[in-house]
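*Asks:* The structure is given below, and queries will be raised subsequently.
Just so it is clear, none of the values below were taken in a lab; they were calculated from the coordinates. Note that this is a predicted model, so its numbers are computed, not measured. Cβ: placed from backbone, ideal geometry, glycine included. Neighbour counts: every protein chain shown.
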Amino acid sequence: MPLHLLVAYYVVDHAFVNNTKLSKMDDKKLWTHFIWVILVFLAFTFDVFLSNPLGILLLILSIGVTVTLDMGRKKLSNHLIEIIAFFIFLFFTLLGKSYLSKSFVTIEFSWYLLGMLATTVGVTYFLRGRILAENATDSIGIAERMSIFIFVLAGHWEWTLIAIGAALAFRVVFSKDRKIEWLISPVAGIGLSFLWQLLMRSMLG
C-alpha cells in the first residue's frame, strides 16, 4: 500500500517545524505554514492526483484537513490531533491507492520515507515535554537517527557505529550537560530502524 499522504502530512507538520509550536503560531505565521502544506502535498501527489477528479478531490481534502487540524490545535490536545490525522490520511490513502501506486514516488520509497520520519522526528515528538524541552530542536539527535536509519536499512552496521560515534563526539564538544537522550537517541534509532526494516520486508515482500 502506498503511504504518500501520511508521508506528506508528517513532512509538513513534523519534519521542518516544531510540532508543539503550531498551536502557538500567530495568524501570519500560520498562513505561511499553510502555503508549505499546499506545496508539500502537491510534491507527493501532483503526477497522479491532478489528472483525475477523485485525485483532485483527495488532494483538496488532504490540504483542507491539515489546515483544519492545525487550526484545531489551539483547542484540542496535540496527541488527539495526531491520532485523528493518522486515521484520516490512512483512509484517504486507501481511497487513492490505485492512483498513488503509479506515482513517481514508488510504494517502497514511500514506506522508506515514513520509516525515516518515524525514526527521526517521530522520536523527537515523543521526547518533547519529557526528556527534551518543548522548544528544543533536537537537530543532533535527528541527524544521528537519520544516519542510523539509512545505514541499518542498507545493512551497513559498521557505518551505523561510525554515525553513533560521530554524534557522541559532537555532543561531547558542543553539549555542556550530560543528557539521557545521548543514550535514548541511538537506541531508539537502531530499534526503530530494525523494526521498520522487518515491517517493510513483511508488507512489501
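*Asks:* How much FRET efficiency would the formula 1/(1 + (r/R0)^6) give for Met71 and Leu95, where r is the Cβ-Cβ distance and R0 is 25 Å, rounded to 0.05?
*Replies:* Plugging the Cβ-Cβ distance into 1/(1 + (r/R0)^6) gives 0.60.
*Asks:* Identify which of Gly96, Gly115, Gly72 has the largest mean-square fluctuation in a Gaussian network model of the chain, with springs joining Cα atoms closer than 10 Å.
*Replies:* Gly72
*Asks:* Ok, one more. Run lengths n ≥ 4 of DSSP H only: what is the helix-derived mean residue ellipticity at 222 nm for the chain, with -39500 (n - 2.57) per run over all residues, to the nearest 500?
*Replies:* -23000 deg cm²/dmol
*Asks:* May I pose another question? Most fluctuating residue of Asp47, Asp27, Asp70 in a GNM of the chain with Cα springs under 10 Å: which is it?
*Replies:* Of Asp47, Asp27, Asp70, the Gaussian network model singles out Asp27 as fluctuating most.
*Asks:* Under the Kirkwood approximation for Rh and a Cα-based Rg, what ratio Rg/Rh is obtained for the stretch 1-96?
*Replies:* 0.96
*Asks:* Using each residue's phi in the stretch 65-77, evaluate 6.51 cos²θ - 1.76 cosθ + 1.60 at θ = phi - 60° and report the 3J(HN,Hα) Karplus result to the nearest Hz, with x for Gly and Pro.
*Replies:* Calculated HN-Hα couplings, in order: 5, 4, 4, 4, 5, 5, 5, x, 5, 6, 10, 10, 5 Hz.
*Asks:* Hey, what's the Cα Rg ratio for the stretch 104-178 versus the globular rule of thumb, 2.2 N^0.38 Å?
*Replies:* Working it through for the stretch 104-178, the quotient is 1.22.
*Asks:* Given springs between every Cα pair under 10 Å in a Gaussian network model of the chain, which of Ser51, Ser103, Ser193 has the largest fluctuation?
*Replies:* Comparing Ser51, Ser103, Ser193 in a Gaussian network model of the chain, the most mobile one is Ser51.
*Asks:* Distance in nm between label sites at Leu199 and Glu108, each 7 Å beyond Cα in the beta-carbon direction?
*Replies:* Here the modelled spin labels are 1.9 nm apart.
*Asks:* Grab the stretch 1-101 and count how many Lys pairs have their alpha-carbon atoms under 25 Å apart, sequence gap of 8 or more, or different chains.
*Replies:* Here the count comes out as 9.
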